[in-house]
Amino acid sequence: MKSEGEEPLTKKRRLSGQHGTSTPDEETNLSNQKEASCLSVAQNEEKYRSKKGTIKRHWEYFCQQSRTMKISENKSDQSNTESEATFDFTVMSYNILSQNLLEDNSHLYKHCRQRLLFWTYRFPNILQEIKQLDADVLCLQEVQEDHYRKEIKSNLESLGYHCEYKMRTGRKPDGCAICFKTSKFSLISSNPVEFFRRDIPLLDRDNVGLVLLLQPRFHCRADAAICVANTHLLYNPRRGDIKLTQLAMLLAEIASIAPQKDGSFCPIIICGDFNSVPGSPLYRFIKEGKLNYEGLAIGKVSGQEQFPRGQRILSIPIWPKKLGISQNCVYEIKQQQKEENAGEKLEGAKLDNTKEIVIASEKLSSKLQHHFKLSSVYSHYFPETGIPEVTTCHSRSAVTVDYIFYSAVNDDTAAQAGAEDSFHGGLKLLGRLALLTEKDLWTVNGLPNENNSSDHLPLLAEFRLVER
């Protein structure tokens, strides 16, 4: 018997629907009002489908200066016509479904014909999707190590990508990869994040993250940089404490990498499979930059289950002090080192500082914060109908768990209100590849299917770097 705190051997069912703490109307009311005024929604569902029974996803371009949004079957170059001296680029987030996990969780794919589940069938389809969508940056999850080493890396390099990879630290042979077009970016630094900590019982899971600092190759200042992070958080719906701690570790790594010389942050993009639904406390924490978790049940953090089994309340604090990460999701040790490097302090001042730390530790806070005000590329519900978008669909579930978050420039018409001016410029969302409804996906027998060989859809967005 496995205890309640242990990770199940398989991915257990994700219940259909997005059972966050907010309803569709509550979560997206304001953003949908803005989006509905900028987007032109296709009225006829048949336009998404080709004669072969595949679903055609369209590009949605956001209005600029009150222009209506243009729907296009393919990514166009219209966004580049505004000014030649701009740096526009595209980012994809895609959980490609590790073959090992597929075989361990075969109950999720009972709707699929067997031949469609072989890696020899699936990989050419996945590679074709990547070629067709032609993103400048790829954030891939569930990248199986042997497949990466033998064929994924070499195939992507032949397409002009440089690849960075971080494998999970436990028995599961998959991990996260970030690949970027060398024609658009150069690598400043690559920073893997391991969420497993042998000395901390809470952190006994093998999930990982990867954070890259990239330098645009043209139309930018010499010191311009973009921080791109990719992760796949723990699945277990009953362990919201682990999910929040893993997220805090990723944010702390970003906070240590993204600062510029003037103290502001470079633009940030965070991609991944967060195993949390829109409106959930974890999702709100990412977008709002704060979360008071006092009295929050551990099974409600991710919103994956309508009736969560884990009713234990989150402890205060969630993670132990020896993790070295503050409630503001920054490294405490690095902050201390910076203070020490600034110059030696008087012994009396050190004693006073020690007293302040002791006093602060006695007043345990249930409030988490982070430094970034992030927007989501997708709105998660279709603005005119309120029907949920889905990013994954298999025999047990159809729901959104994949996201692209970004630091929006203040005048970004597609961004949520409240983006703070703590960034060295920012990103303007120019367009996105539209997601689909559960109904749309079941017209082609869900995921994976004959043409789409993962149980997740690729997310794709186009950005413009705006410097200040």
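The values are calculated or read from the model by the stated rules, or taken from the named source; none is laboratory data. The shown structure was predicted, so the numbers you read here are calculated from the model rather than taken from an experiment. All Cβ positions, glycine included, derive from the backbone under ideal geometry; neighbour counts span all protein chains shown. With ligands, DNA and RNA removed, areas are computed over all heavy atoms of the protein, side chains included. Shrake-Rupley method; radii C 1.70, N 1.55, O 1.52, S 1.80 Å.
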Placed amide H near Lys373: partners under 5 Å, 5+ positions off or other chain
Glu420
Under the definition of Cα pairs under 8 Å and six or more residues apart, what whole-number percent is the relative contact order of the stretch 177-269?
26
Using amide H atoms built in the peptide plane, which far-off residues or other-chain residues are under 5 Å from Asn95 H to H?
Gln141
Tell me the carbon and sulfur percent of the accessible area for the stretch 173-325, rounded to whole percent, probe radius 1.4 Å.
52
Percent of Cα-Cα pairs per 5 Å bin, from 0 to the last occupied bin, for the stretch 100-168, please list those.
3, 13, 24, 25, 18, 11, 5, 0
Placed amide H near Ile325: partners under 5 Å, 5+ positions off or other chain
Glu332
Relative packing of peptides 214-222, 445-453, 262-270 - highest average C-beta neighbours within 10 Å first:
445-453, 262-270, 214-222
Regression test value, accessible area per residue of the stretch 120-225, probe 1.4 Å, units Å², expected 43
Once a ≥ b ≥ c are taken as the square roots of the eigenvalues of the Cα gyration tensor of the stretch 231-296, is the result rounded (a/c under 1.5), prolate (a/b larger than b/c) or oblate (a/b not larger than b/c)?
prolate
Let me have the relative contact order for the stretch 97-254, percent, based on Cα pairs under 8 Å that are six or more residues apart.
17
